[in-house]
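Written out below as structure tokens is the structure these notes cover.
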Amino acid sequence: MAIEPERLGLSTAWEARARRNAGLLAAGTALLSGLLAWAFAQQGLPAWAAIAIPLLAAAAAWFWATRKIRRRREILKQPFPREWEAVLQRDVLFFRALDEAERQRFRRELQVFLGEKRVTGIGVELDTTTRVLAAASAIIPIFGFPEWEWAQINEVLIYPNRFDTDFRIDGSHDGRNTLGMVGTGVLERLMVLSKPDLVAGFRNTTDRRNVGVHEFAHLVDKSDGAVDGFPGIGLDRDAVGPWFELVRRKMLEMREGDSDIDSYGLTNEAEFFAVASEYFFEAPGRMQREHPDLYAMLARIFEQPLAERAAAMARERRAGSKRFGRNSPCPCGSGRKYKKCCLNAART
């Protein structure tokens with residue numbers, strides 16, 4: 001399945017910004033190198049060299065500054081792997097509820113994420129399913145922002161199980177109950193996820209929990225520089241008061257036992273935002289019924305009115321996670337049996 005960059009609008013606002021910044025860098029480089037060349041020309045540098053130096057320097061600056069554009073174009077020229085499609089069809093309810101145009105954009109974003117970010121197994125075999133679900137976790141919260149760039153993260157580390165707050169999994173002391181964590185300090189731009197909890201978050205679509213979405217919601221929160229429960233997107237500063245008043249009220253309901261929101265959200269405002277985001281993306285219809293004010297705020301923050309997609313998600317949920325027998329037609333659409341197509345590829 002090939003992604004067609006032109007049809008998908010590869011010349012995005014991001015690319016336009018990158019080209020504009022590259023142009024400014026090239027112009028500045030030409031100006032500075034031109035001044036230096038002029039100074040050397042006064043000392044006898046040939047005229048042709050005085051002209052060539054700033055031109056070559058500007059070209060080198062442009063080439064360096066546009067390398068990410070070329071790399072991304074190369075990524076999107078590659079066919080979308082069939083085994084990735086099989087994982088999306090089987091495990092990602094959010095993806096199955098999209099229309100075909102939206103699915104194409106989701107595939108494109110997933111391809112870019114896995115092409116530009118590292119997903120690394122730490123003491124665990126890293127299979128296709130884990131890599132695709134880690135990337136899907138990143139795409140779901142920002143799907144309402146087609147021009148989003150995940151500058152806040154470079155690598156996702158996958159652990160074989162839960163870990164403690166010092167990232168230890170060797171059982172040296174108690175407290176190995178962390179499912180996922182966004183790194184800080186020396187671990188800045190890293191995320192750590194427990195493999196079984198990441199997979200379970202997608203395969204259990206009724207518990208309103210998804211550790212991958214939870215951790216990437218923290219990074220969305222951090223888009224304004226702080227993980228404080230007030231993301232720097234979707235809401236203007238005038239909404240600070242109403243948002244935190246809503247959060248205070250919802251946390252009070254949770255303390256009084258009058259809420260179905262996960263009690264982990266009582267930790268602080270940042271964890272409330274991440275927990276509420278899990279609920280929003282896993283069960284938007286239920287959130288709109290049970291917490292209409294919270295649903296409305298999150299739809300505004302993420303720019304995703306998921307109530308319009310809730311019926312499709314409910315149908316897919318009732319149908320259950322897609323399971324494929326070895327002799328079933330492969331979900332990637334190749335026409336081959338699953339055992340002869342994506343099953344083996346997913347195990348590699």
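The values are calculated or read from the model by the stated rules, or taken from the named source; none is laboratory data. A quick note: this is a predicted structure, and the numbers were derived from the prediction, not measured. For neighbour counting, all protein chains shown are included, and Cβ atoms are generated from backbone atoms with ideal geometry for every residue, glycine included. Note: accessible area is taken over every heavy atom of the protein model, side chains too, but ligands, DNA and RNA are not part of it. Shrake-Rupley method; radii C 1.70, N 1.55, O 1.52, S 1.80 Å.
Would you point out which residue out of Glu102, Glu85, Glu74 is open to solvent by less than 20 Å² (accessible area, probe 1.4 Å), of a type in the set (D, E, K, R) and assigned to a helix (DSSP H, G or I)?
Glu85
Output yes when any residue across region 206-216 is within 17 Å of Phe280 (Cα to Cα), open to solvent by 20 Å² or more (accessible area, probe 1.4 Å) and touching a helix residue (DSSP H, G or I) at 6+ places or on another chain (Cβ under 6 Å), and no when none is.
Yes: region 206-216 contains one or more residues that are within 17 Å of Phe280 (Cα to Cα), open to solvent by 20 Å² or more (accessible area, probe 1.4 Å) and touching a helix residue (DSSP H, G or I) at 6+ places or on another chain (Cβ under 6 Å).
Name the one entry in Leu252, Leu246 that is modelled with pLDDT of 90 or more, of a type in the set (A, V, I, L, M), part of a helix (DSSP H, G or I) and open to solvent by 70 Å² or more (accessible area, probe 1.4 Å).
Testing whether each residue is modelled with pLDDT of 90 or more, of a type in the set (A, V, I, L, M), part of a helix (DSSP H, G or I) and open to solvent by 70 Å² or more (accessible area, probe 1.4 Å) leaves just Leu252.
Taking the stated definitions as given, is Leu114 open to solvent by less than 20 Å² (accessible area, probe 1.4 Å) and closer than 14 Å to Glu155 by Cα?
So Leu114 passes the test.
Look at region 175-205 and say how many of its residues are open to solvent by 40 Å² or more (accessible area, probe 1.4 Å), touching a helix residue (DSSP H, G or I) at 6+ places or on another chain (Cβ under 8 Å) and part of a loop (DSSP other than H, G, I, E, B).
1
Restricting to region 33-71, give me the number of residues that are open to solvent by less than 20 Å² (accessible area, probe 1.4 Å), closer than 30 Å to Ala134 by Cα and not aliphatic (A, V, I, L, M).
Counting residues in region 33-71 that are open to solvent by less than 20 Å² (accessible area, probe 1.4 Å), closer than 30 Å to Ala134 by Cα and not aliphatic (A, V, I, L, M) gives 1.
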